[in-house]
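The values are calculated or read from the model by the stated rules, or taken from the named source; none is laboratory data. Predicted, not measured: the structure shown is a model, and the values here were computed from it. Neighbour counts run over all protein chains shown; Cβ positions are idealised from the backbone, glycine included.
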Amino acid sequence: MGVLALLLGAACDSRPDRALDDEGVVPELDSGDDDGGSSGPDAPPATSSTDESGDASSTGSPTEPGSQIAVIAMPADWSIGPNGTWTFPATEPSPFVALGQAFYAEHPDEYDFLAVYTEGLLIDFWALAVTVHYDIGGIGLSTGDAWIEPADAGSAGRLQQINVMNDPGQYAPDPANADVLVHETAHRWAAFIELTSTPAPAYLLDAGWSHWNIHVHGGGPSATGYGDVVDLGGGRYRYDEVRPWKLSPLELYLAGLMPEAEVPPMFYVADPYDHDPAVTRYGETVGIATLGEPCSFSGTRVDFDIGDVVAANGPRTPAFGAAPTEFRVAFVLACVDLDACDPADLAIVEAQRTAFPATWSAATGGRSTVTTDL
Ligand SMILES: [Zn+2]
């Protein structure tokens with residue numbers, strides 16, 4: 001399936017690719033076997049039918065459901081197989097580039113994020129954030145980390161990230177639950193930072209270097225760590241998933257939404273051991289198979305504060321107050337055939353779109369807003 005597999009395969013091994021987002025949880029994301037939650041990342045469902053007709057036109061009244069979703073056609077040389085997974089030519093530079101170019105061929109360059117749903121599974125795990133802009137200082141990313149530039153995707157520079165939400169059918173059990181979109185959006189800023197006190201690089205992160213591991217407390221429940229760890233005393237700690245996912249104070253700072261002075265003390269647990277469930281089962285990251293399952297462990301608490309974050313990663317630029325707090329998100333549904341776009345998929349994307357502004361506001365403590373109309 002083109003070079004996507006190569007890109008993802010390299011994602012866990014090299015720093016530049018870590019902004020692929022969910023690479024760290026990819027292996028687990030596809031193996032869901034114990035999460036039956038309504039929005040839980042269980043094994044993705046079968047793809048939507050592509051042979052039934054339906055009116056998926058994006059034209060019509062602005063208030064008509066679905067009219068504010070950009071419905072685009074998949075490139076003609078792509079195809080969807082019987083297992084519901086897309087295939088595309090090996091010469092394709094990146095499916096994300098192709099999707100961006102298809103979108104910008106018909107829409108203005110007026111969006112900070114694209115939330116792209118595909119009729120069928122584009123990627124064989126839940127969702128993915130593809131950061132295309134590396135212009136923010138102090139968050140642990142540099143321009144050298146970029147592997148797709150805004151121009152590659154068809155934007156003159158405004159586009160910051162493509163949230164590849166994959167098959168809408170994944171969200172069918174609870175279509176108005178936009179938690180996954182909060183998580184992917186938060187990857188614009190996290191989790192990439194370092195601390196000078198850690199014994200090794202990426203010590204706070206998961207295997208994909210894009211999520212906090214279960215040993216990190218960023219001042220509160222986290223969107224890119226899925227939850228939080230608390231100090232039980234006596235050298236024992238407990239990690240829990242915390243829903244709905246929201247940005248922790250550390251993530252709010254990294255997003256430019258919280259001043260340094262407001263970020264509370266934080267800690268990580270060094271040299272963790274005696275995990276229950278055993279670390280070999282749980283892993284030091286969070287995946288589908290273990291999402292929602294608490295894990296307790298022992299280790300050495302290492303306190304840090306926002307000053308340590310700034311010291312190791314440089315100041316956040318633009319700083320709080322200058323950083324944008326309002327973002328425009330275009331919701332996109334890529335269909336096999338525009339004339340046969342599944343209306344059920346369109347309805348799911350519409351539910352996600354209409355839910356996201358309130359969900360995002362809540363996830364950021366009212367510090368940020370999104371607009372989701374075209
Ligand atoms: Zn992620």
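Got at least one residue in region 200-207 being assigned by TED's automatic domain parsing to the domain that holds residue 294, under 22 Å from residue 293 (Cβ atoms) and assigned to a loop (DSSP other than H, G, I, E, B)?
Looking through region 200-207, none of the residues is assigned by TED's automatic domain parsing to the domain that holds residue 294, under 22 Å from residue 293 (Cβ atoms) and assigned to a loop (DSSP other than H, G, I, E, B).
In region 193-223, which residue that is of a type in the set (S, T, N, Q) and in contact with a Ser or Thr (Cβ under 8 Å, 6 or more places away or on another chain) is farthest from residue 316 (Cα to Cα)?
Here is the first cut: in region 193-223, the residues of a type in the set (S, T, N, Q) are 196-198, 210, 213, 222.
Remaining after also requiring in contact with a Ser or Thr (Cβ under 8 Å, 6 or more places away or on another chain): 210, 213, 222.
Details: 210: 18, 213: 22, 222: 19 Å.
That would be 213.
Could you run through region 102-113 and say how many residues are surrounded by fewer than 22 Cβ atoms within 10 Å (Cβ to Cβ) and within 18 Å of the chain's Cα centre (by Cα)?
1
Criterion first (away from the ligand (no atom under 16 Å from the Cβ), within 18 Å of residue 294 (Cα to Cα) and touching a residue at least 60 places away in the same chain (Cβ under 8 Å)) does residue 235 satisfy it?
It is true that residue 235 is away from the ligand (no atom under 16 Å from the Cβ), within 18 Å of residue 294 (Cα to Cα) and touching a residue at least 60 places away in the same chain (Cβ under 8 Å).
One residue is enough: does region 304-322 have a residue meeting the conditions buried (at least 21 other Cβ atoms within 10 Å of the Cβ) and within 17 Å of the chain's Cα centre (by Cα)?
Among the residues of region 304-322, not one is buried (at least 21 other Cβ atoms within 10 Å of the Cβ) and within 17 Å of the chain's Cα centre (by Cα), which makes the answer no.
I'm told residue 222 meets every condition in (1) within 16 Å of the ligand (Cβ to nearest atom); (2) out of contact with any Asp or Glu (no Cβ under 8 Å at 6 or more places or on another chain); (3) modelled with pLDDT of 95 or more except one. Can you identify the failing condition by its number?
All conditions are met except number (2).
What are the pairs, 6+ residues apart or on separate chains, where a residue within region 172-186 that is under 20 Å from residue 66 (Cβ atoms) has its Cβ under 6 Å from a residue that is among the acidic types (Asp, Glu) and more than 11 Å from the ligand (Cβ to nearest atom)?
none
Please verify whether region 295-307 includes one or more residues that are outside the structural domain of residue 273 (by TED's automatic domain parsing) and in contact with a helix residue (DSSP H, G or I) (Cβ under 6 Å, 6 or more places away or on another chain).
First, the residues of region 295-307 that are outside the structural domain of residue 273 (by TED's automatic domain parsing): none.
No: zero hits.
Somewhere in region 160-167, is a residue over 21 Å from residue 326 (Cβ atoms) and either surrounded by fewer than 22 Cβ atoms within 10 Å (Cβ to Cβ) or of a type in the set (Asp, Glu) (or both)?
There is at least one residue in region 160-167 that is over 21 Å from residue 326 (Cβ atoms) and either surrounded by fewer than 22 Cβ atoms within 10 Å (Cβ to Cβ) or of a type in the set (Asp, Glu) (or both).
Just checking, does region 114-124 include any residue being surrounded by fewer than 24 Cβ atoms within 10 Å (Cβ to Cβ) and either in contact with a Phe, Trp or Tyr (Cβ under 8 Å, 6 or more places away or on another chain) or within 25 Å of residue 208 (Cα to Cα) (or both)?
Yes: region 114-124 contains one or more residues that are surrounded by fewer than 24 Cβ atoms within 10 Å (Cβ to Cβ) and either in contact with a Phe, Trp or Tyr (Cβ under 8 Å, 6 or more places away or on another chain) or within 25 Å of residue 208 (Cα to Cα) (or both).
When you scan region 101-130, how many residues do you find that are without any contact (Cβ under 8 Å) to a residue 60 or more places away in the chain and among the hydroxyl-bearing types (Ser, Thr, Tyr)?
Summing the residues that are without any contact (Cβ under 8 Å) to a residue 60 or more places away in the chain and among the hydroxyl-bearing types (Ser, Thr, Tyr) in region 101-130 gives 1.
Among 157, 137, which is the only one that is surrounded by fewer than 22 Cβ atoms within 10 Å (Cβ to Cβ), touching a residue at least 12 places away in the same chain (Cβ under 8 Å), on the phi > 0 side of the Ramachandran plot and assigned by TED's automatic domain parsing to the domain that holds residue 359?
That would be 157, the only listed residue that is surrounded by fewer than 22 Cβ atoms within 10 Å (Cβ to Cβ), touching a residue at least 12 places away in the same chain (Cβ under 8 Å), on the phi > 0 side of the Ramachandran plot and assigned by TED's automatic domain parsing to the domain that holds residue 359.
Test residue 302 against the criterion of being assigned to a strand (DSSP E or B), at pLDDT 95 or above and within 18 Å of residue 162 (Cβ to Cβ), and give yes or no.
Working: assigned to a strand (DSSP E or B): yes; at pLDDT 95 or above: yes; within 18 Å of residue 162 (Cβ to Cβ): no.
When the stated conditions are applied, residue 302 does not pass them.
Looking at 291, 247, which one is at pLDDT 95 or above and not hydroxyl-bearing (Ser, Thr, Tyr)? Spell out how you get there, then give the answer.
Working: 291 fails: at pLDDT 95 or above.
Criteria check complete, one pass: 247.
Take the residues in region 194-213 that are small (Gly, Ala, Ser) and under 20 Å from the mean Cα position of the chain (by Cα), then tell me which one is farthest from the ligand (Cβ to nearest atom).
202
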